[in-house]
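A.B. asks: Quick one: the structure is below, and I'll ask about it shortly.
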Amino acid sequence: MFDLDKWSEILSTIRKHKLRTALTAFGVFWGIFMLIVLLGSGKGFENGVVNGFDIARNAVFLWSQRTSEPYMGLKPGRFIRFTTDDEKAIRENVPEVDVVAPRNSLEGTFSVVRGTKNASFQVFGDYPDFFRVKPMSMVAGRFINDIDIKERRKVAIIGTEVQKTLFKDDENPIGEYIKIKGIAFKVVGIFKTAGRGEDIRQDAQTIFLPHAAMIQAFNQGNRIYWFAFTPKEGVPAKVIEDKIKVLLAQRHKVAPNDLKAFGSANVEEEFKRVQGLFLGIAGFSWLVSIGTIIAGIVGVSNIMLIIVKERTKEIGIRKALGATPFSIISLIIQESIVITSFAGYIGLLCGIGLMEFIGYMMRKYEVQMDFFAPPEVNLTVAVSAVIFLVFTGALAGLVPAAKAASVNPVVALKDE
Amino acid sequence: MVVLQNIHKYYEVGANKLHVLKGLDMTIEQGELVSIMGSSGSGKSTLLNILGILDDYDSGTYLLNNTPMKQLSQTKAAYYRNQFIGFVFQSFNLLSFKNAMENVALPLYYQKVPRKQRNKIALEYLDRVGLKEWAEHSPNEMSGGQRQRVAIARALISKPKVILADEPTGALDTKTSEEVMEIFKEVNREEGITVIIVTHENDVAKQTQRIIKLKDGNIIS
């Protein structure tokens with residue numbers, strides 16, 4: 001199938017009709033180029049948004065609100081308070097749950113003081129497990145550990161902005177004390193999160209205290225403000241979200257149909273929605289590109305038909321000299337494949353080149369956008385696009401080739 | 001070598017059937033040099049197309065080299081054309097984007113002879129028709145006589161049983177016509193290849209051993 005004669009013939013016909021071939025090839029080129037650019041930017045967009053998820057992708061947050069239905073003789077409008085007993089009950093009755101991280105925060109206006117410097121930050125009381133809900137990296141020191149909880153140690157883990165505000169550049173905050181609402185906490189760690197934009201600024205101005213120390217130091221009793229959960233591996237977050245709500249409703253005498261008593265946020269569901277969106281975008285990109293490619297293919301097919309018509313005499317001569325229908329068909333199809341593959345390949349290279357260039361520039365100048373990461377070209381997509389091209393090239397050549405094979409040498413060789 | 005028995009051929013023209021060949025009987029032995037004459041519309045082109053397996057016939061028997069040629073598949077017909085028949089046309093029918101040597105070598109390409117070998121053989125045949133120096137030239141750079149000689153070399157290269165020439169001198173002047181006829185005669189004499197020439201020129205026909213005259217789809221002599 002691949003011999004020099006066919007190649008030289010294909011090249012000679014292409015060379016004879018440079019402009020026509022180029023215009024035809026452009027259709028295919030553009031289709032593939034669009035496909036790569038659309039999918040690449042879609043992926044960049046997706047990565048941008050996904051990277052913005054700075055919490056575990058299966059995390060569930062649950063907080064209490066006011067009841068809206070009367071139940072068991074209780075009036076609506078009652079505020080539900082979670083306690084440490086709820087935490088124990090959840091651990092005992094919902095085996096699918098992996099992390100149970102009760103969380104408290106410090107309310108009101110207050111400032112955090114160190115020596116002469118002071119500023120206001122947000123302060124949370126947390127368990128060591130919270131580290132698994134919100135991925136963060138330690139710049140120095142450590143996060144809250146079990147002994148902190150057990151011994152209610154007054155220690156603090158601070159964000160980078162807290163460090164910058166309260167400490168001089170050359171000071172090591174670890175081991176130093178800061179005062180929160182007049183109570184001294186020893187800094188044992190500095191953390192950094194992976195979020196973007198506003199999130200990361202807020203995180204940097206955050207201080208984490210051991211949960212036990214916080215409720216004791218600030219008289220929060222046995223209250224828990226809200227919970228963070230993650231399910232065990234393989235369990236959908238929705239399952240634990242629902243189970244825990246049912247359990248807490250029973251414990252707090254909340255009507256089973258009361259939707260307002262508990263508030264929750266399910267990151268997994270949110271993430272799924274976002275992923276669905278990107279699936280839709282990718283599907284749309286494919287649709288548009290395949291449409292363009294098909295238009296290109298029709299163009300190639302059209303041109304090949306004209307070429308066959310022009311070469312009727314030549315095909316007649318070949319047939320008279322003993323060319324089989326198969327050899328004629330393979331000649332035309334091969335030519336069609338060459339044009340489509342070549343054009344498509346150039347489109348592929350240009351598309352990938354553009355994506356890489358944008359990515360390179362974004363990385364070089366450290367462009368940070370909330371919803372756009374450097375674009376990415378999926379190798380599988382590129383390879384399947386190439387296979388698709390060869391296939392469509394053959395398809396485009398099919399009709400013209402059949403026409404070529406049916407050339408009647410008697411008619412073709414008639415002297416005009 | 002060529003045996004036709006009661007060959008009928010119709011063409012459909014609209015609703016009517018045109019009876020072009022009306023029961024031809026003809027035998028051409030191996031090594032004969034024959035000419036077929038007839039005015040236009042006598043059916044000589046149709047006959048040539050049937051002889052060249054380019055066209056099928058409606059009834060009768062056609063034996064070429066003792067093989068019946070009837071209702072062949074396109075692939076089979078291509079095979080027999082390649083093996084048994086060498087064509088020479090009035091308008092030469094060379095491929096303009098190939099040089100003389102490549103044109104001559106083309107039938108061997110369809111016999112799957114490797115490129116180097118078939119070009120070597122093509123050079124030998126070009127030498128036989130006196131055009132070895134012109135091997136690298138494109139047909140456009142050659143005169144009519146030269147082109148027809150290239151075409152003859154192309155017809156000969158597959159060592160055919162029969163050479164079918166359709167008005168081979170029609171586009172040539174008297175002198176080159178003679179040269180071309182000399183080649184046909186030489187090929188016929190030295191290699192015993194059957195040569196069938198369709199012509200309307202008496203000068204050409206006279207140089208052949210036998211003249212078959214066609215009129216209105218019948219052989220009249």
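The values are calculated or read from the model by the stated rules, or taken from the named source; none is laboratory data. If you're wondering where the values come from, they're calculated on a predicted model, not measured in any experiment. Glycine gets a Cβ as well: all are built from the backbone with ideal geometry, and neighbour counts include every protein chain shown. Each accessible area value is taken on the protein alone, full model and side chains, heavy atoms only, with ligands, DNA and RNA left out. Shrake-Rupley method; radii C 1.70, N 1.55, O 1.52, S 1.80 Å.
A.B. asks: Region A:312-386: which chymotrypsin sites (Phe, Trp or Tyr not before Pro) are DSSP loop and have at most 10 other beta-carbon atoms within 10 angstrom?
C.D. replies: Answer in residue order: A:Tyr365.
A.B. asks: While we're here: Please report, in cubic angstrom per residue, the volume enclosed by the convex hull of the alpha-carbon atoms of region B:98-159.
C.D. replies: Enclosed volume per residue, from the Cα hull, is 67 Å³.
A.B. asks: Hey, another quick one. What does the charge count around A:Leu166 come to, taking other residues whose C-beta lies under 11 Å from its C-beta (Lys +1, Arg +1, Asp -1, Glu -1)?
C.D. replies: Values: positive: A:Arg114, A:Lys117, A:Lys164, A:Lys168, A:Lys179; negative: A:Glu161, A:Glu171, A:Glu176.
Taking every other residue near A:Leu166 into account, the sum is +2.
A.B. asks: Multiplying the sequence separation of B:Gln74 and B:Ser143 by 0.36 nm and subtracting their Cα-Cα distance, what value in nm do you get? Don't skip to the answer; put the middle values down first.
C.D. replies: On the way: separation 69, 0.36 × 69 = 24.84 nm, distance 3.41 nm.
Net length gain for the segment: 21.4 nm.
A.B. asks: Along region A:263-268, what does the Karplus equation 6.51 cos²θ - 1.76 cosθ + 1.60 (θ = phi - 60°) give for ³J(HN,Hα), rounded to whole Hz, x for Gly and Pro?
C.D. replies: x, 8, 10, 10, 5, 4
A.B. asks: Which three lengths, in whole Å and largest first, does region A:304-359 cover when its Cα atoms are put on their principal axes?
C.D. replies: The principal-axis extents, from largest down, are 57, 19, 11 Å.
A.B. asks: Moving to a separate point now. Within chain B, what whole-number % of the accessible surface is contributed by carbon and sulfur, with the 1.4 Å probe and all protein chains included in the calculation? Let's see the in-between values first.
C.D. replies: Details: 4520 of 9920 Å².
Ligands and nucleic acids excluded, carbon and sulfur give 46 percent.
A.B. asks: Taking amide hydrogens as modeled 1.01 Å from N in the peptide plane, which residues meet the under 5 Å criterion relative to A:Val99, leaving out close sequence neighbours?
C.D. replies: Counting only residues 5 or more places away or on other chains, the set is A:Thr230.
A.B. asks: OK, next. When you look at the Cβ of every residue in B:91-98, what mean number of other chain Cβ atoms sits within 10 Å? Working shown, then result.
C.D. replies: Numbers: counts 5, 1, 9, 1, 8, 1, 7, 5.
The mean count of partner-chain Cβ atoms within 10 Å per residue comes to 5.
A.B. asks: Further, regarding this structure: Taking the Cα atoms of the protein assembly as shown, report the difference between the largest and smallest coordinate on each principal axis, in whole Å and largest first.
C.D. replies: 131, 61, 33
A.B. asks: List the residues of region B:55-74 for which accessible area in the full set of protein chains is at least 50 Å² lower than for the chain on its own; 1.4 Å probe, protein heavy atoms only.
C.D. replies: With the partner chains in place, region B:55-74 has these residues losing at least 50 Å²: B:Gln74.
A.B. asks: Per DSSP H run of at least 4 residues, take -39500 (n - 2.57); add these up for chain A, divide by its residues and hand me the 222 nm value, nearest 500 deg cm²/dmol.
C.D. replies: Numbers: 14 runs with 228 residues, N = 416.
It lands at -18000 deg cm²/dmol.
A.B. asks: Inverting the mean 1/r over all pairs of different Cα atoms, compute the Kirkwood radius of region B:54-135 and quote it in Å.
C.D. replies: Result for region B:54-135 stands at 14.7 Å.
A.B. asks: Please list, in chain and number order, the residues 5+ apart from B:Thr194 or on another chain whose amide H is under 5 Å from its amide H, with Hs placed from the backbone.
C.D. replies: Those lying under 5 Å, H to H, from B:Thr194 are B:Gly31, B:Ile163.
A.B. asks: Residues with amide H under 5 Å of A:Val112's amide H, sequence separation 5 or more or different chain, H placed in the peptide plane at 1.01 Å from N; which?
C.D. replies: Close amide H contacts, sequence-distant or interchain: A:Ala119, A:Ser120, A:Phe121.
A.B. asks: Another question about this same structure. Measure off, as a whole percent, the carbon and sulfur share of the 1.4 Å-probe accessible area of region A:60-271, all protein chains present.
C.D. replies: Within region A:60-271, the accessible surface is 49 percent carbon and sulfur.
A.B. asks: Through the Karplus equation 6.51 cos²θ - 1.76 cosθ + 1.60, θ set to phi - 60°, convert the phi angles of region B:20-34 into ³J(HN,Hα) values in whole Hz; use x for Gly and Pro.
C.D. replies: 8, 10, 10, x, 7, 10, 7, 9, 10, 7, 5, x, 7, 10, 10
A.B. asks: Name the GluC sites (Glu not before Pro) in region B:25-127 that are in a loop by DSSP and that have at most 15 other C-beta atoms within 10 Å, would you?
C.D. replies: Values: sites: B:Glu29, B:Glu32, B:Glu102, B:Glu124; in loops: B:Glu29, B:Glu32.
Loop-located and lightly packed - B:Glu29.
A.B. asks: Express the accessible area of the protein assembly as shown per residue in Å², computed with a 1.4 Å probe while the remaining protein chains stay in the model.
C.D. replies: 48 Å²
A.B. asks: Checking an interface number: how much accessible area is buried between A and B, summed over both chains, with a 1.4 Å probe, in Å² rounded to 100?
C.D. replies: Working: alone 21740 and 11000 Å², together 30550 Å².
About 2200 Å² of accessible surface is lost on pairing.
A.B. asks: Still on this model: How big is the C-alpha Rg of region A:202-352 next to the rule-of-thumb value 2.2 N^0.38 Å, as a ratio? Let's see the in-between values first.
C.D. replies: Numbers: Rg = 33.5 Å, N = 151, 2.2 N^0.38 = 14.8 Å.
Computed over Cα atoms of region A:202-352, the ratio equals 2.26.
A.B. asks: In region A:383-416, which residues become less accessible by 40 Å² or more once every protein chain is in place, relative to the chain on its own, using a 1.4 Å probe?
C.D. replies: Those residues are A:Val410, A:Leu413, A:Asp415.
A.B. asks: Go through region A:198-294 and name the trypsin sites (Lys or Arg not before Pro) that are in a DSSP coil and have 16 or fewer other Cβ atoms within 10 Å of their Cβ.
C.D. replies: Values: sites: A:Arg201, A:Arg223, A:Lys232, A:Lys238, A:Lys243, A:Lys245, A:Arg251, A:Lys253, A:Lys260, A:Lys272, A:Arg273; in loops: A:Lys232, A:Lys253, A:Lys260.
For trypsin sites (Lys or Arg not before Pro) across region A:198-294 that sit outside H, G, I, E and B with at most 16 neighbouring Cβ atoms in 10 Å, the list reads A:Lys232, A:Lys253, A:Lys260.
A.B. asks: Another question, if that's okay. List the residues of region A:313-345 for which accessible area in the full set of protein chains is at least 10 Å² lower than for the chain on its own; 1.4 Å probe, protein heavy atoms only.
C.D. replies: SASA drop of 10 Å² or more in region A:313-345: A:Lys313, A:Glu314, A:Ile317, A:Arg318, A:Lys319, A:Ala320, A:Leu321, A:Gly322, A:Ala323, A:Thr324, A:Pro325, A:Ser327.
A.B. asks: Return, for the Cα atoms of chain B, the radius of gyration and Dmax in Å, separated by a comma.
C.D. replies: Over chain B's Cα set, Rg and Dmax evaluate to 17.4, 54 Å.
A.B. asks: Same structure again: Using each residue's phi in region A:54-64, evaluate 6.51 cos²θ - 1.76 cosθ + 1.60 at θ = phi - 60° and report the 3J(HN,Hα) Karplus result to the nearest Hz, with x for Gly and Pro.
C.D. replies: For region A:54-64, the Karplus curve yields 9, 10, 3, 6, 10, 6, 10, 10, 9, 9, 9 Hz.
A.B. asks: Per the Cauchy relation, a quarter of the hull surface: what is the mean projected area of the convex hull of the alpha carbons in region A:60-271, in nm²?
C.D. replies: Seen from a random direction, the Cα hull of region A:60-271 projects 12.7 nm² on average.
A.B. asks: Then there is this: Using the basic label-point model (7 angstrom from Cα toward the beta carbon), what is the A:Glu96 to A:Ser111 distance in nanometres?
C.D. replies: 4.9 nm
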